[in-house]
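Trainee: Sharing a structure with you now.
Every read-out reported here was derived from the displayed coordinates using simple, explicitly stated rules and does not represent laboratory data. The structure presented is a predicted model; accordingly, all values stated were derived computationally and were not measured. Note: ideal-geometry Cβ built from the backbone for every residue, glycine included; neighbour counts use all protein chains shown.
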Amino acid sequence: MTLRTKICGITSYEDAMTAIHAGADALGFVFYEKSPRYITPEQAKEIIKQLPPFVEKVALFVNETPQKVNQICKETGATLAQLHFEVDAEYCNALEVPHIKVIRAQTKEDILKYNDEYRLVDAYCEAYGGAGKRINIEWFEGVDCSKIILAGGLNRANVASVKRYGFYGVDVSSGVEISHGIKDPIKVQEFINNAKA
């Protein structure tokens, strides 16, 4: 099973195409205004409409209403909503787009939440995502990781070492950047090569 890769915090068409040419399966667009990788729906729409088919376009949200999530995904052409906050069944039922929940894990028990669905597991930190903080990888020993996308503190040097856990995918942002929101083409290429090799 090939490890799927998502390059998150895309802020330009050039970076989007760099990731796609390198073999990324998904791109992430951050619609959280406090993030240094924030992009407006208008900017994201301009990028997404120029992208080739068969690439998942993931819209990242923090503490937004389902109506706002639906509106931004529809407006931009995003194909999946990534929810970095606690949501209940009622919230999910109000969504008109496919979604994935994010677990900001503080304990080993946290990674077992929603274990019947695909989910993204990130290291807990006060800020939401992209802090480069690494999760305790030993928590995943003996756990079925086939529906887990791992995030947090990954880079080209360490991504190969997590493959033995059998994750569905990996998600990287700060680990392939020159500066906030600006991707390094060499780091992107090497990250994806090492993830998929």
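Trainee: Would you tally the net charge around T2, using a Cβ to Cβ cut-off of less than 11 Å, leaving T2 out, and scoring K and R as +1, D and E as -1?
Mentor: +2
Trainee: If you take every residue apart from I149 with its C-beta less than 10 Å away from the C-beta of I149, what net charge results, scoring Lys and Arg +1 and Asp and Glu -1?
Mentor: +2
Trainee: Can you give the calculated 222 nm mean residue ellipticity of the chain, where each DSSP H run of n ≥ 4 adds -39,500 (n - 2.57) and the sum is split over every residue, rounded to the nearest 500 deg cm²/dmol?
Mentor: Rounded to the nearest 500, the figure is -6500 deg cm²/dmol.
Trainee: Would you list, by chain and number, the lysines whose Cα falls below 22 Å from the Cα of K57, excluding same-chain residues fewer than 8 positions away?
Mentor: By straight Cα distance, K57 reaches K6, K34, K45, K49, K68, K74, K101, K147, K183, K187, K196.
Trainee: Here's another thing I want to ask about it. Using label points projected 7 Å from each Cα along Cα→Cβ, tell me how many nm separate N158 and E56, to one decimal.
Mentor: Going from the N158 label point to the E56 one covers 2.3 nm.
Trainee: Which value in nm describes the separation of the simple spin-label points at D116 and Y168, placed 7 Å from the Cα toward the beta carbon?
Mentor: Simple spin-label model gives 1.5 nm for this pair.
Trainee: Which order do the peptides 108-118, 2-12 come out in when sorted by mean C-beta neighbours inside 10 angstrom, highest first?
Mentor: Sorting 108-118, 2-12 by mean packing, highest first, produces 2-12, 108-118.
Trainee: Near K108, within a Cβ-to-Cβ distance under 13 Å, what is the net charge of the other residues, with Lys and Arg +1 and Asp and Glu -1?
Mentor: Taking every other residue near K108 into account, the sum is -3.
Trainee: On average, how much area does the Cα convex hull of the stretch 110-191 cover when viewed from any direction, in nm²?
Mentor: For the Cα atoms of the stretch 110-191, the hull's average projected area reads 5.5 nm².
Trainee: On to the next question. Give me Rg/Rg_expected for the chain, where Rg uses Cα atoms only and Rg_expected = 2.2 N^0.38 Å with N residues.
Mentor: Relative to the rule-of-thumb radius for its length, the chain sits at 0.95.
Trainee: Still on this structure: Take every DSSP beta bridge whose two residues both sit in the chain, then give the antiparallel share in percent to the nearest 5.
Mentor: Just about 5 percent of them are antiparallel.
Trainee: Averaged over all directions, how much area does the convex hull of the C-alpha atoms of the stretch 50-93 cover when projected, in nm²?
Mentor: Average projection, Cα convex hull of the stretch 50-93: 3.4 nm².
Trainee: Taking neighbour Cβ counts within 10 Å as the exposure measure, how do F31, F191 sort from fewest upward?
Mentor: F31, F191
Trainee: Counting other beta carbons within 10 Å of each Cβ, put H84, H21 in order, fewest first.
Mentor: H21, H84
Trainee: Just L80, L95, L150 to compare: in a GNM of the chain, with alpha carbon springs under 10 Å, which one fluctuates most?
Mentor: Ranking L80, L95, L150 by mean-square fluctuation puts L95 first.
Trainee: Using the per-residue mean of other Cβ atoms lying within 10 Å as a proxy for protection, in what order, highest first, do the peptides 58-68, 138-148 fall?
Mentor: Those peptides, ordered most packed to least, come out 58-68, 138-148.
Trainee: With only Lys, Arg, Asp and Glu charged, each at its Cβ (+1 for the first two, -1 for the last two), find how big the charge dipole of the stretch 4-196 is about the Cα centre; round to the nearest 20 debye.
Mentor: My answer is approximately 460 debye.
Trainee: Still on this structure, I have one more. Take the chain, connect every pair of alpha-carbon atoms lying under 10 Å apart with a spring to form a Gaussian network, then pick out the residue of Y38, Y91, Y13 with the largest mean-square fluctuation.
Mentor: Residue with maximal mean-square fluctuation among Y38, Y91, Y13: Y91.
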